[in-house]
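Engineer: What follows is a structure written as structure tokens; I'll ask about it next.
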Amino acid sequence: MTGLWPPLREELRGVAPYGAPQLDVPVCLNVNENPYPPSRAVVDDVAGAVTLAASTLNRYPDREFTELRRGLAAYLSGDAGFTISTEQVWAANGSNEVMLQILQAFGGPGRTAISFAPTYSMYPEYARDAMTTWVAGRRHEDFSFDLDEAARLVDEHQPSVILLPSPNNPTGTALPHEVIGELCAIAPGIVVIDEAYAEFRRAGTPSALELLPEQRNLVVTRTMSKAFALAGARLGYLAAAPELCDALRVVRLPYHLSAVTQAVANAALRHTDELLGKVDELRAERDRTVEWLVDEGFEVAPSDANFVLFGRFDDREAVWQGLLDRGVLIRVTGPDGWLRVSIGTPTEMKAFKDALREVAT
């Protein structure tokens, strides 16, 4: 046998797998998890649902996950302010798989996807894996959206997919409706608004779901990993026009959502109010953290998410390591000089503040 081994695609050679550090430290504030675990009532309901599903594991699951789509549609309808139908909802194993399916269906060789940096670091990897050309524009210095830059890039590259998180990861800033509407108007393909952190948005910040009736090419993605405190369950979903959801059936793997995953997600939806009960506390803790960081002299990006981007540091790696040495793990991400901290419990945030004071002073 000749040539390089293994016979990997050339563009994948030397690429490190994605992954935030998973370290055994007292305070983990690096991957935007909900710090509050499900209650005993939720755990018991999930366990019962999984037990029931286990009795039929010799059979394939409902490949259309009808009950789950119905439940997700009802939940999203409350946020949208109008009825979202079951046919407008799709789900997969985490919003990561949802995004990959979108790129598989609407991207591909000879097609382009674009976003605007700083943005979620996985987007170019989805594009790469779907053999889609990736183009990244820029935001303004304050992380607000530059519509002129967007219009220029759209005109130049004619993207089949535009990917934008709102609230943005890693900055936490949300997109106004006018920006989303303008992008939908000029886009030759679909516009995906990634609302992984939408439940944490501040009062008065609208959801892109509200625009679905008037924007046929709009896709709004969500996840149960964050506000629902179900990061371990791996369930992401979207709302879009029925024909866009139908298109994803072409690329989805057979029976891609297991019976166990469906059972866990359906049980969680029965406890929506309880699982989202800590969201207000996390919002308040986020706002207190922003105020504290500003008072301490740091630059802070306005956040509608459950994390805060702050800076600026001449050597952010040294600050990150200093926090880690004190038992606090946060994230090195975003533009040079910035760090991101997830919002934890009051005790965890006190540990973060105490450690940061020691390291940065």
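Engineer: For a quick check: with amide H placed at 1.01 Å from N, whose amide H comes under 5 Å from V27's, ignoring anything fewer than 5 positions away on the same chain?
Structural biologist: Under 5 Å from the amide H of V27: L329.
Engineer: Follow-up question, since we're still on this one. As a test, work out the antiparallel percent of DSSP beta bridges whose residues both lie in the chain, rounded to the nearest 5.
Structural biologist: Counting only bridges with both partners in the chain, antiparallel ones make up about 45 percent.
Engineer: What base-10 log of the normalised intensity I(q)/I(0) is obtained for the chain from the Debye formula, alpha carbons as equal point scatterers, at q = 0.07, 0.09, 0.15 Å⁻¹?
Structural biologist: Normalising to I(0) and taking log10 leaves -0.31, -0.52, -1.41.
Engineer: Quick one: Karplus J couplings for the range 33-49, per residue in order, coefficients 6.51, -1.76, 1.60, θ = phi - 60°, nearest Hz, x for Gly and Pro?
Structural biologist: 6, 7, x, 9, x, x, 6, 4, 4, 5, 4, 5, 5, 4, 4, x, 5
Engineer: OK, next. How large is the convex hull of the C-alpha atoms of the range 1-79 per residue, in Å³?
Structural biologist: Cα-based convex hull of the range 1-79, divided per residue, equals 293 Å³.
Engineer: To the nearest whole percent, what portion of all C-alpha pairs in the range 75-118 is separated by more than 11 angstrom?
Structural biologist: The answer is 74 percent, as a whole percent.
Engineer: Would you mind telling me the share, in percent, of accessible area of the chain contributed by carbon and sulfur at probe 1.4 angstrom?
Structural biologist: 52
Engineer: Just the Cα atoms of the range 200-297, one point each, no solvent: what log10 I(q)/I(0) does Debye give at q = 0.13, 0.16, 0.24 Å⁻¹?
Structural biologist: The computed values of log10 I(q)/I(0) come out as -0.67, -0.92, -1.28.
Engineer: Normalised by the residues of the chain, what does the relative contact order come to in percent, with Cα pairs under 8 Å and at least six apart?
Structural biologist: After rounding, I find 23 percent.
Engineer: How big is the shadow of the Cα convex hull of the range 61-198, averaged over all directions, in nm²?
Structural biologist: Mean orientational projected area (the range 61-198, Cα hull): 8.7 nm².
Engineer: I need the phi-derived Karplus couplings for the range 194-208: 6.51 cos²θ - 1.76 cosθ + 1.60, θ = phi - 60°, integer Hz, Gly and Pro marked x.
Structural biologist: Values per residue, Gly and Pro as x: 8, 9, 4, 10, 4, 5, 8, 5, 6, 4, x, 8, x, 9, 5 Hz.
Engineer: If you don't mind, another one. Could you state the per residue volume, in Å³, of the convex hull enclosing the Cα atoms of the range 232-361?
Structural biologist: Spelled out: Cα convex hull of the range 232-361, divided by residues, is 170 Å³.
Engineer: Go ahead and run the numbers for FRET between Q158 and S121, Cβ-Cβ distance against an R0 of 22 Å, rounding to 0.05.
Structural biologist: Between Q158 and S121 the formula returns 0.35.
Engineer: Please list, or write none, the aspartates and glutamates whose alpha carbon is within less than 12 Å of the alpha carbon of K350, excluding same-chain residues fewer than 8 places away.
Structural biologist: Of all the aspartates and glutamates, those that pass the test against K350 - Cα under 12 Å, at least 8 places apart if same chain - are E285.
Engineer: What's the FRET efficiency of E358 with D24 using the Cβ-Cβ distance as r and R₀ = 30 Å, to the nearest 0.05?
Structural biologist: In this case the efficiency is close to 0.90.
The values are calculated or read from the model by the stated rules, or taken from the named source; none is laboratory data. Treat the numbers as computed from the prediction; the structure is a model and nothing was measured. All Cβ positions, even for glycine, are placed from backbone atoms using ideal geometry, and neighbour counts span all protein chains on display. Ligands, DNA and RNA are excluded from the accessible area calculation, which covers all protein heavy atoms including side chains. Shrake-Rupley method; radii C 1.70, N 1.55, O 1.52, S 1.80 Å.
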